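Mind having a look at this structure? Questions to follow.
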Amino acid sequence: MPRYVLRRLGFLLLTLLLTSSIIFAITQVLPGDVARVILGREAGEAALNSLREELGLNDPLPVQYLRWLGNFVQGDWGESFSTRTEVRPLVQQRLGNSLMLAAVTLGIAVPVGIALGVIAGLNENTWVDSVVNVSALSVVGLPEFVTGILLIEIFAFRLGFFPANSSIRPGTNFVEALPMLILPALTASLVLLGYISRMTRVGVIGEISKPYVRTARLKGLSRWSVTYRHVLRNALMPTITVIAISFGWLISGLIVVENVYNYPGLGRLMLFAIDRRDLPLLQAVAMLAVLAFAFANLAADLFYAYLNPKIRLQ
Amino acid sequence: MTKESTTAGVTPARVWRPFTVLTRLFGRPASAAGTSIVLIFLLMALIGPWIAPYGVNEQIPSETRQAPSPDHWFGTDHLGRDVFSRVLFGARDILLLAGLGTFLAVLAGTAIGLLSGYRGGTFDEALMRVFDSLLAIPALLLALLLLGVVGPARNALLIVIVFVYTPIVARVARSVVLSVKSKGFVQAARMRGESETWIIFREILPSAFPTLTVEGALRFSYAIFLIAALGFLGIGVQPPNPNWGLMVAEAREHVFQTPWALWMPALAISVLVIGVNLMADGLRRVLRVPGA
């Protein structure tokens, strides 16, 4: 196991290194002169040049990349061009918000998705299976802005259960924020439900026909007990990966959902950074997005290996 | 999904006949519905501009904010534009963009994946690491970053779709190559002294067709999704473009006066994406490609 963990960590570092250079490269070719963005339109050529020198913008790109990466690793994420404040506290606060939203979303999507998948899998090729399958396929395809606006229409405007706007103040704690988290979380979980239930269904179908299941049934265990105690452990393996990958998506991919509800998470911060050409902010958020994704994948791999010795020994 | 296919994505090539596939798609209610929806939308995209009762940006000042009626099937928006006509024009835009983008991504991804997977070695290993890293960046974020680079040109969205989806298709194509590379028919071709190009495109490619068809259908659905989402965020397209996502975002400001201007494009995109997804699922069953 330790060797396996080390190798996975090595891969993770390599991926992060490559991704960081891709992000750096893309942000470098974004049009717009950084010095001019900071100093404004009226700045003279001399002032621009001295600022470029000061920021190290005249150095070769690899040097700039290494300096940026070094600073980033040490926690110095630079100063935002648009808010003129340190990037790190801003990003950390938004990360907190994104984590709250992710927690509520997974809290809804994981149990419901697994339950639906198990029900569909146990009733393979019956009408129950078809209904679950077709609704999962349909819901997965709906853009978040459509489901989001629909949920607002029903639960905020018509029924008045939850607020339509989720723009929570900085420093709001989880309990205070919860009513505002429900609708965005519901919107995001609709996307995940389909993936989780389909993955679970395939896993259950794959396991249920294996001989050990028949043995367990023949030795007198009830159907429910066989499903719960034997089948699920093996059948949920692929589902775990999907959940892990979803976590990465929840942290940084909820741009549309956050936009629909005005929720101050990382996704909207990213949109803001792109809009303002705020490179330090953009780089920090993008790196965080990739980190979340990479660590979620690592967690899935390690959990997999923990459950299945065959993988560890490969 | 099917019990007899154990190797990833390998099925006999003879199954892949467009007409047979289409007939079998109509054998199950769900995939028949999906395929019909896609075909209807394609028809709409094709003849839409001719049957649209009004121009795409034609404003009728005396007929603003009208509810759906025989004159304006989907009503008019706050500027007096006919929503039905705009949805029709939007269908052509989104299908053309998503279709062409997906096609190019599948073409490029297949070529890269087949070559890289067949040759193997350090280059293949390095390329896959780069692709993995690209896949670690969420698609929407990558699209947003790229759009910043490419600028707000019309072709920008196309470039973005191709760039975002090529690595994914390449990985899928490569996995098929790896699973058939050591099979008898490939080795036999090598023994016969066939050229590398022949082996890759005449021996291996046909076994990848079913998998690639399903992958293409899925990518198509994601591309539609991505274009609409970017439109909703107001990035990559400018008003008065009839992008369905942009139409929804614009109509959101007037949702209490003209709800139809919001719900009609929203409905159009939902029906289309559901249709494509059901068709993709049907293709997976017909072509017996394993997966969820």
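Take chain B, compute every pairwise Cα distance, and split them into 10 Å bins from 0; I just need the percent in each bin.
Distribution as computed: 6, 24, 29, 22, 12, 5, 1, 0 percent.
Restricting to DSSP H runs of at least four residues, report the calculated mean residue ellipticity at 222 nm for chain A, -39500 (n - 2.57) per run over all residues, nearest 500 deg cm²/dmol.
For chain A, the value works out to -24500 deg cm²/dmol.
For segment A:81-205, what does the accessible surface come to per residue with a 1.4 Å probe? Please give it in Å². Walk me through the numbers on the way to the answer.
Values: 5300 Å² over 125 residues.
Value returned for segment A:81-205: 42 Å² of accessible area per residue.
Turning to a different aspect of this structure: Just want to confirm a number: the relative contact order over chain A, from Cα pairs under 8 angstrom separated by 6+ residues, in percent.
Details: 343 pairs, mean separation 81.1, N = 314.
Contact order relative to length: 26 percent.
To the nearest 10 square angstrom, how much accessible area does A:Glu54 have with a 1.4 angstrom probe?
150
Oh, and also: Which value at 222 nm does chain B reach when only helices count, each DSSP H run of 4 or more adding -39,500 (n - 2.57), with the total divided by all residues and rounded to the nearest 500 deg cm²/dmol?
Working: 10 runs with 197 residues, N = 292.
Roughly -23000 deg cm²/dmol at 222 nm, from the helical runs in chain B.
Using amide H atoms built in the peptide plane, which far-off residues or other-chain residues are under 5 Å from A:Asn123 H to H?
Long-range HN contacts for A:Asn123: none found.
Here is a further query. State, as an integer percentage, the relative contact order of segment A:203-312 based on alpha-carbon contacts under 8 Å between residues 6 or more apart.
On the way: 81 pairs, mean separation 27.1, N = 110.
Across segment A:203-312, relative contact order equals 25 percent.
Give the A-B buried accessible area in Å², both sides summed, 1.4 Å probe, nearest 100. Numbers along the way, then the final one.
Values: alone 17110 and 14420 Å², together 27530 Å².
Its buried surface, counting both partners, is about 4000 Å².
Quickly work out the B:Ser175-to-B:Ala67 label distance, labels modelled 7 Å from Cα along the C-beta direction, and quote it in nm with one decimal.
Placing both labels 7 Å along Cα→Cβ, they lie 5.1 nm apart.
Here's something else I'd like to know. Quick one: angle between helix A:61-73 and the longest Cα principal axis of chain A, in degrees between 0 and 90, rounded to 10, please.
Its long axis makes an angle of about 60 degrees.
In sequence order, what are the phi-derived ³J(HN,Hα) couplings for segment A:124-130 according to the Karplus relation 6.51 cos²θ - 1.76 cosθ + 1.60 with θ = phi - 60°, rounded to whole Hz, with x for glycine and proline?
Per-residue couplings from phi come out as 3, 6, 9, 5, 4, 4, 4 Hz.
Right, something else. Any chance you could give the angle, 0 to 90 degrees and rounded to 10, that helix B:139-150 forms with the longest Cα principal axis of chain B?
It works out to around 80 degrees.
Which whole-number percentage describes the relative contact order of chain B, with Cα contacts under 8 Å and a sequence gap of 6 or more?
Numbers: 435 pairs, mean separation 90.5, N = 292.
Relative contact order here is 31 percent.
Could I have the simple spin-label model distance between A:Ser209 and A:Gln64, label points 7 Å from Cα toward Cβ, reported in nm to one decimal?
Each label point lies 7 Å from its Cα, and together they span 5.7 nm.
Could you tell me the accessible area of B:Ile47 in Å² (1.4 Å probe, neighbours in place), rounded to the nearest ten?
Counting only protein heavy atoms, the figure is 70 Å².
Provide, for the protein assembly as shown, the number of lysine pairs with alpha carbons under 21 Å apart, each pair being eight or more places apart or on different chains.
On the way: A:Lys210/A:Lys219; A:Lys210/A:Lys310; A:Lys210/B:Lys3; B:Lys3/B:Lys183.
Qualifying lysine pairs in the protein assembly as shown: 4.
Would you rank B:His254, B:His72 by solvent-accessible area, highest first, keeping every protein chain in place and using a 1.4 Å probe?
Ranked list, largest accessible area first: B:His254, B:His72.
Suppose each label sits 7 Å from its Cα in the direction of the beta carbon; what would the A:Lys219-A:Arg8 distance come out to in nanometres?
3.0
Could I ask something else about it? Going by the alpha-carbon gyration tensor, a ≥ b ≥ c the square roots of its eigenvalues, is the protein assembly as shown rounded (a/c under 1.5) or, if a/c is not under 1.5, prolate (a/b greater than b/c) versus oblate? Provide the component values of the computation, followed by the final result.
Details: a/c = 1.36, a/b = 1.14, b/c = 1.19.
Rounded is the answer for the protein assembly as shown, as its axis ratio a/c remains below 1.5.
Right, next: Put B:Ile200, A:Ile208 in order of accessible area, largest first, 1.4 Å probe: what do you get? Can you show the working numbers first?
Details: B:Ile200 0, A:Ile208 60 Å².
These residues rank, largest area first, as A:Ile208, B:Ile200.
Suppose R0 equals 56 Å. What FRET efficiency, 1/(1 + (r/R0)^6) with r the Cβ-Cβ distance, do A:Glu42 and A:Ile245 give to the nearest 0.05? Write out the running numbers ahead of the final one.
Values: r = 48 Å, r/R0 = 0.85.
Working from the Cβ atoms, E equals 0.70.
Taking every pair of distinct Cα atoms and averaging 1/r, then inverting, what Kirkwood hydrodynamic radius in Å comes out for segment A:2-73?
Details: mean 1/r = 0.0691 Å⁻¹.
Result for segment A:2-73 stands at 14.5 Å.
Leaving out ligands and nucleic acids, and using a 1.4 Å probe, what accessible area per residue does segment B:73-148 come to in Å²?
Working: 2490 Å² over 76 residues.
Heavy-atom accessible area per residue stands at 33 Å².
To the nearest 0.05, what FRET efficiency results for A:Asn123 and A:Glu153 with a Förster distance of 35 Å applied to their C-beta separation? Kindly include the intermediate steps, with their values, before the conclusion.
On the way: r = 33 Å, r/R0 = 0.94.
The pair A:Asn123/A:Glu153 has a calculated efficiency of 0.60.
How big is the accessible area of A:Met100 in square angstrom, nearest 10, if you roll a 1.4 angstrom probe over the protein chains?
In the full protein context, A:Met100 sits at about 30 Å².
The values are calculated or read from the model by the stated rules, or taken from the named source; none is laboratory data. From a predicted model like this one, the values you see are computed outputs, not experimental measurements. So basically every Cβ, Gly included, is an ideal-geometry build from the backbone, and we count neighbours across all protein chains shown. We work out accessible area using only protein heavy atoms, side chains counted, and drop any ligands, DNA or RNA first. Shrake-Rupley method; radii C 1.70, N 1.55, O 1.52, S 1.80 Å.
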